[in-house]
Amino acid sequence: MSLSMFADVWVYLLPLLGFWAVYVGSRARVQKKNLAALNESIETGMTEPASLHPVINTNRCLGCGSCVAACPEQAGHNVLGLIAGKSTLVGPSFCIGHGACAAVCPQDAITLVFGTAKRGVDIPQVKPDFESNVPGLFIAGELGGMGLIRNAIVQGCQALDSIRKLDGIGKGDGLDLVIVGAGPAGFAASLGALQHKLRCVTVEQDSLGGTVANFPRGKLVMTAPVDIPLLGKVNFRETTKEILIEFWQAAEKKTGLKINYRERVEKIDKTAEGFRVKTDRQTYETRAVLLSLGRRGTPRKLGVPGEEQTKVVYKLIDPQEYRGKKVLVVGGGDSALEAATSIADEPGTTVAISYRSDAFSRAKQKNRQRIEETSEEGRLQVLLSSTVKKISTDKVEINQGDLTLTLENDAVIVCAGGILPTPFLRDCGILVETKHGTP
Ligand SMILES: Cc1cc2nc3c(=O)[nH]c(=O)nc-3n(C[C@H](O)[C@H](O)[C@H](O)COP(=O)(O)OP(=O)(O)OC[C@H]3O[C@@H](n4cnc5c(N)ncnc54)[C@H](O)[C@@H]3O)c2cc1C
Ligand code: SF4
């Protein structure tokens with residue numbers, strides 16, 4: 001090879017080598033970031049996806065990264081990432097079951113499944129028309145296994161269409177329908193019931209919006225256009241939690257829809273004509289029931305006087321809300337410890353945490369350490385072996401040993417866990433299957 005030919009080859013080869021070096025360098029950086037995300041998930045115990053999630057067949061995966069790019073949650077967290085050239089679920093607990101990864105995979109390497117070997121997910125038996133195995137008792141939305149806002153809305157509307165066709169609707173003295181839950185599924189079904197003039201009551205234990213109302217402040221919400229009864233086509237694709245909730249509240253006002261908030265359904269019994277639905281306030285006789293309960297369950301209550309006040313909540317949504325306030329957090333798990341320390345970080349707060357045991361042994365080491373540091377810095381009062389006795393408008397009474405402490409108080413956050421819907425479903429006679437990693 002002559003010298004000039006050799007030089008010509010290098011003219012082409014050098015830029016290629018340059019590109020290759022940049023590519024290898026950036027791949028190594030991305031892999032390092034993905035490994036760090038995976039290790040953090042393992043160290044913090046966040047290894048169990050909530051519901052529907054991808055399982056990747058590594059023999060089929062080519063590492064093209066299409067699934068990583070397609071995941072709508074990837075903007076906020078590392079959900080999927082390439083490690084050793086294969087797609088990996090690096091942030092399992094951030095996966096909310098969009099399923100976009102499986103749809104784009106050119107290799108058919110992704111299967112969407114419910115539950116894992118370690119954590120089963122209970123899925124009730126539901127027919128294509130959304131009726132459960134109990135005639136007249138319907139299920140829509142995430143409770144039936146299919147998550148996401150748009151799916152819940154569509155299912156709420158379709159379930160309502162099936163209910164309208166039941167014998168006995170529009171006849172007799174009782175109600176036609178009781179809808180349980182005012183998340184996206186229950187809200188859409190309630191608007192459908194209003195449109196078709198069904199004698200319907202919607203009961204919601206919390207506030208409008210269901211799980212969406214509990215998203216963190218400013219959470220980016222990915223959804224898709226959908227038809228909603230009385231509202232027509234709604235074109236949201238990418239929005240925020242606040243805009244979506246404001247839109248639903250405006251829709252509620254505009255249509256005159258009435259929802260019974262802060263009322264919880266406790267029991268449903270079959271009757272000759274339909275069902276008797278018992279709530280913590282009253283009893284309804286109805287031909288049909290639509291369960292649109294979601295999967296979060298019902299927060300465990302303290303059962304003390306004053307708990308019904310609106311200043312008592314069961315989840316921290318935004319620590320900034322509590323700036324300048326006197327707050328009591330109740331509980332000893334990770335969510336309680338995280339709530340207490342994040343509120344204590346806000347300016348002007350006075351925070352106490354009350355827990356019935358003598359140590360926070362259930363919580364992660366990282367959170368226990370934060371509690372210790374915040375308490376040592378004098379920003380948090382820790383009340384172990386204590387129980388809340390009474391909540392009044394501006395005070396709380398707490399028993400600790402023989403002492404009764406009275407703390408000034410503006411807000412109480414109870415993080416005492418939740419009661420999952422499965423026992424309730426079984427009590428209604430609904431068949432439930434526990435899935436351990438099956439579609
Ligand atoms: C962190 C996070 C982020 C998410 N992000 C997105 C996103 O960007 N896009 C998207 O499409 N989806 C997202 N989702 C999923 C979406 O929020 C749910 O799929 C959707 O809210 C399900 O709607 P639903 O009506 O079936 O149930 P839910 O929204 O859970 O509503 C159920 C309602 O029933 C009420 N209820 C329960 N039991 C009772 C009872 N016994 N009596 C009275 N009321 C009761 C509850 O209080 C609740 O309000 C996300 C979920 C999470 C957890
Ligand atoms: S899209 Fe399929 S082939 Fe590509 S990285 Fe993801 S799982 Fe692998």
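So that you can scan it fast, the table gives a plain yes or no per residue for (1) closer than 12 Å to S354 by Cα; (2) outside the structural domain of L328 (by TED's automatic domain parsing):
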| site | (1), (2) |
| --- | --- |
| S385 | yes, no |
| I391 | no, no |
| I398 | yes, no |
| D402 | no, no |
| L407 | yes, no |
| L425 | no, yes |
> Checking T298 against (1) surrounded by fewer than 17 Cβ atoms within 10 Å (Cβ to Cβ); (2) touching a helix residue (DSSP H, G or I) at 6+ places or on another chain (Cβ under 9 Å), which single condition isn't satisfied?
Replying inline: (1)
>> If I filter segment 229-240 for residues that are in contact with a Leu (Cβ under 6 Å, 6 or more places away or on another chain) and not in a helix (DSSP H, G or I), do I get at least one hit?
In response: yes
> Of E48, E40, which residue is part of a helix (DSSP H, G or I) and either surrounded by 14 or more Cβ atoms within 10 Å (Cβ to Cβ) or more than 10 Å from ligand 2 (Cβ to nearest atom) (or both)?
Replying inline: E40
> Restricting attention to segment 282-292, does a residue exist that is more than 16 Å from ligand 2 (Cβ to nearest atom) and farther than 22 Å from L177 by Cα?
Replying inline: no
> Any idea which of R356, R362 is assigned to a loop (DSSP other than H, G, I, E, B), among the charged types (D, E, K, R) and in contact with a strand residue (DSSP E or B) (Cβ under 6 Å, 6 or more places away or on another chain)?
Replying inline: R356
> Just to be sure, is L143 under 17 Å from N260 (Cα atoms), in contact with a Leu (Cβ under 7 Å, 6 or more places away or on another chain), in a helix (DSSP H, G or I) and away from ligand 2 (no atom under 16 Å from the Cβ)?
Replying inline: no
>> Between A100, A7, which is within 23 Å of L148 (Cβ to Cβ) and not assigned by TED's automatic domain parsing to the domain that holds N151?
In response: A100
>> On the basis of being of a type in the set (A, V, I, L, M, F, W, C), surrounded by fewer than 20 Cβ atoms within 10 Å (Cβ to Cβ), assigned by TED's automatic domain parsing to the domain that holds K258 and in contact (Cβ under 8 Å) with a residue 24 or more places away in the chain, does I169 make the cut?
In response: yes
>> Between G144, G192, G186, G181, which is touching a strand residue (DSSP E or B) at 6+ places or on another chain (Cβ under 9 Å), crowded, with 20+ Cβ neighbours inside 10 Å and over 24 Å from E285 (Cβ atoms)?
In response: G144
>> Out of everything in segment 316-338 that is assigned to a helix (DSSP H, G or I) and crowded, with 24+ Cβ neighbours inside 10 Å, what residue ends up being nearest to the chain's Cα centre (by Cα)?
In response: A336
>> Suppose the filter is surrounded by fewer than 14 Cβ atoms within 10 Å (Cβ to Cβ) and either within 16 Å of ligand 1 (Cβ to nearest atom) or modelled with pLDDT under 80 (or both); does L62 pass it?
In response: no
>> If I ask for residues that are at pLDDT 85 or above and either within 30 Å of G144 (Cβ to Cβ) or out of contact with any Gly (no Cβ under 7 Å at 6 or more places or on another chain) (or both), which ones from segment 34-50 would you list?
In response: L35, A36, L38, N39, E40, S41, I42, T47, E48, P49
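The values are calculated or read from the model by the stated rules, or taken from the named source; none is laboratory data. From a predicted model like this one, the values you see are computed outputs, not experimental measurements. Neighbour counts run over all protein chains shown; Cβ positions are idealised from the backbone, glycine included.
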